[in-house]
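S.K.: Could you have a look at this structure, given as structure tokens, before my questions?
The values are calculated or read from the model by the stated rules, or taken from the named source; none is laboratory data. Only a predicted model underlies this, so the values are computations on that prediction, with no experimental measurement involved. Cβ placement follows ideal geometry from the backbone for every residue including glycine, while neighbour counts extend to all protein chains displayed.
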């Protein structure tokens, strides 16, 4: 083959686009003529509303009347509520009774034992900042809520995940339930949870459990399904029973995937902190929520940063725990950071080795005294326990108490001053007769993008066109089954009486997705081609992904006013992180042979990116689009709280006015939108493989 021959490059089959587009164009033309003669076809018929909210509201009334007398409440919900409350109060009381130095030492020692001195320093620095922000007790309350929620998630999720992994039929039945739990807005199931469990922290634990449980079940099932069948057959050949195969072969081999599920459960539980504060959960979420209500940006930022620090710390600890092999007594090599001076390398390693040996002295002494040499492998654990016991004993003399108030480091005043300056100086700027700034930008986006798109879907396109158009997209992406599901799902939104609100929300989702892709795609491409850019972007993306989305809203509202634009900006900031990461990952995973072949044929860097990397990474890029859509939909409710209207505002009003039926109708419409868009984008991504 010579250089004049064309290089075989993976390209999407664009010919597949034309048949559905031509058919859709003919359909739109025909329906346009029909609607021109009968304009009433534009809006979904009101008479077709199935009236779901009436029976739900009637059921709510029945619960209110029978809460104190019915056996279901007396012997199930009330004992369950009391048990969760007892566990929550006990955990919180235990944490608050411990001296601050003991809690900090426990996390530092855990970080050192699991991940080395760098993780230990990060844990210590994070807790120092949390204490300096004057949110120590609130952080412990949040940690107690998370601990109980995660423990309940593990107690329920592991057995369900194991059963699903061993029984494919049960896995297929459980999958749509898990989809609903993950896509349904938390506001929606807060309504029935409040009915059954009352207010304050117990319903917050139950709501967190519902939201955080699915990843553990999914990944436990996935881990068991991915176990090598040869290992299972070998165990059976040696006479192992079904239970022995499960506990001695399948679960140990699936443990890394299961630990990833636990890690995701912890992160999702922490993401519920602010939502749980809406029903009286307390903790850091309550500080963030109260600060937002009072427009105290600095105080909200401190609470949000404390949540971020806690999230990253628990993420790193759980990730390190998943990589520990308790059966291997060989100490792990302590790595030094790249920026560490080479001249200090030998002395630093010698000092770390000395510290490591010193920490194992108690274990070696105990192993020698008890003649149990297997205890030596748990040297750091035994020493850590002795240190904590020693600190508790010392507290009886010194009385460490809570975190020192004199170590306060405030971000409130400078943050509030910065936001005030931005509001006063960036809202409207006159430059030679041209007015620019956040205010005119907000007006421009609203008048020339959001309003036309909303009007197109709500008052111009007839509802049959939208239903059939979305069905055609589903059929093009995944076949006739997905076409029926997509068209039927959109039609069901009309049957719920949520057509206009649903189309309004869909217009906001599409506009937000447009902005998110416009930012995520070039950033992902740039990050994939430059390691320095990737290193700089990673902490920023981690920050955007972990900080509560509510924290974005206060400065955005102050800069752009109440309306749909602040919600869209907050959603873009929240959704951009997974998009950039997945685009970067997909481009970096393109095989090196393909890149070398392209360079050998004389392709420039830009040509290699456009003609080789992007086409071959298209499934990963589409998966990034899928994740961005899911994150945008997760912000629908929050956008509704700041004037975004649509289904989000309807769900918020249902919660605020105790109208359960209204909130559930809006929530179900959001779920239908989420599942339809998820299935179409996933099928489209799979089609490119």
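S.K.: Kindly establish whether residue 605 is in contact (Cβ under 8 Å) with a residue 24 or more places away in the chain, surrounded by fewer than 16 Cβ atoms within 10 Å (Cβ to Cβ) and not assigned by TED's automatic domain parsing to the domain that holds residue 294.
M.R.: yes
S.K.: Looking at this structure, is residue 652 without any contact (Cβ under 8 Å) to a residue 60 or more places away in the chain, out of contact with any strand residue (DSSP E or B) (no Cβ under 7 Å at 6 or more places or on another chain) and not assigned by TED's automatic domain parsing to the domain that holds residue 277?
M.R.: No.
S.K.: Could you check the range 643-681 and list, in sequence order, the residues that are within 22 Å of residue 566 (Cα to Cα) and under 22 Å from the mean Cα position of the chain (by Cα)?
M.R.: 644, 647, 648, 649, 651, 652, 666, 667, 670, 673, 674 - these are the residues of the range 643-681 that are within 22 Å of residue 566 (Cα to Cα) and under 22 Å from the mean Cα position of the chain (by Cα).
S.K.: Scan the range 426-437 and give yes if some residue there is free of Cβ contacts under 8 Å to residues at least 60 places away in the same chain and either in a helix (DSSP H, G or I) or closer than 30 Å to residue 619 by Cβ (or both), otherwise no.
M.R.: Within the range 426-437, none of the residues are free of Cβ contacts under 8 Å to residues at least 60 places away in the same chain and either in a helix (DSSP H, G or I) or closer than 30 Å to residue 619 by Cβ (or both).
S.K.: Surrounded by 18 or more Cβ atoms within 10 Å (Cβ to Cβ) and either outside the structural domain of residue 266 (by TED's automatic domain parsing) or under 18 Å from the mean Cα position of the chain (by Cα) (or both), is that true of residue 174?
M.R.: no
S.K.: Among 316, 299, which is surrounded by fewer than 20 Cβ atoms within 10 Å (Cβ to Cβ) and in the same structural domain as residue 111 (by TED's automatic domain parsing)?
M.R.: 316
S.K.: From 428, 420, grab the single residue that is at pLDDT below 85 and either within 32 Å of the chain's Cα centre (by Cα) or in the same structural domain as residue 510 (by TED's automatic domain parsing) (or both).
M.R.: Among 428, 420, only 420 is at pLDDT below 85 and either within 32 Å of the chain's Cα centre (by Cα) or in the same structural domain as residue 510 (by TED's automatic domain parsing) (or both).
S.K.: Further question: Only residues in the range 451-468 that are at negative phi count as the first member; pair them with residues that are not in a helix (DSSP H, G or I), Cβ under 6 angstrom, at least 6 apart or cross-chain, and list the lot.
M.R.: Listed pairs, sorted by first residue: 462/42; 463/44.
S.K.: Same structure, new question: Within the group 689, 658, which residue is surrounded by fewer than 22 Cβ atoms within 10 Å (Cβ to Cβ), modelled with pLDDT under 80 and closer than 25 Å to residue 517 by Cβ?
M.R.: The match here is 689.
S.K.: When you go through (1) buried (at least 20 other Cβ atoms within 10 Å of the Cβ); (2) under 19 Å from residue 489 (Cβ atoms) one by one for residue 652, which number turns out not to apply?
M.R.: Status for residue 652: all satisfied but (2).
S.K.: Here's another thing I want to ask about it. Among (1) buried (at least 22 other Cβ atoms within 10 Å of the Cβ); (2) at pLDDT 80 or above; (3) within 26 Å of residue 492 (Cβ to Cβ), where does residue 638 come up short?
M.R.: Every condition holds for residue 638 apart from (2).
S.K.: Next up: Which of the helices (runs of 4 or more DSSP H) contained wholly in the range 187-273 include at least 2 residues that are surrounded by 18 or more Cβ atoms within 10 Å (Cβ to Cβ) and assigned by TED's automatic domain parsing to the domain that holds residue 141?
M.R.: By residue number, 201-225, 251-270.
Conditions tested, residue by residue: (1) under 23 Å from residue 583 (Cβ atoms); (2) within 27 Å of the chain's Cα centre (by Cα).
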| position | (1), (2) |
| --- | --- |
| 469 | no, no |
| 472 | no, no |
| 489 | no, yes |
| 496 | no, no |
| 527 | yes, yes |
| 533 | yes, yes |
| 562 | no, yes |
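S.K.: When residue 322 is evaluated against the numbered criteria (1) surrounded by fewer than 18 Cβ atoms within 10 Å (Cβ to Cβ); (2) modelled with pLDDT under 65; (3) in the same structural domain as residue 262 (by TED's automatic domain parsing), which criterion, by number, is the only one it fails?
M.R.: Single failed check for residue 322: (2).
S.K.: Could you run through the range 75-101 and say how many residues are under 28 Å from the mean Cα position of the chain (by Cα) and within 30 Å of residue 405 (Cα to Cα)?
M.R.: Of the residues in that region, 6 qualify.
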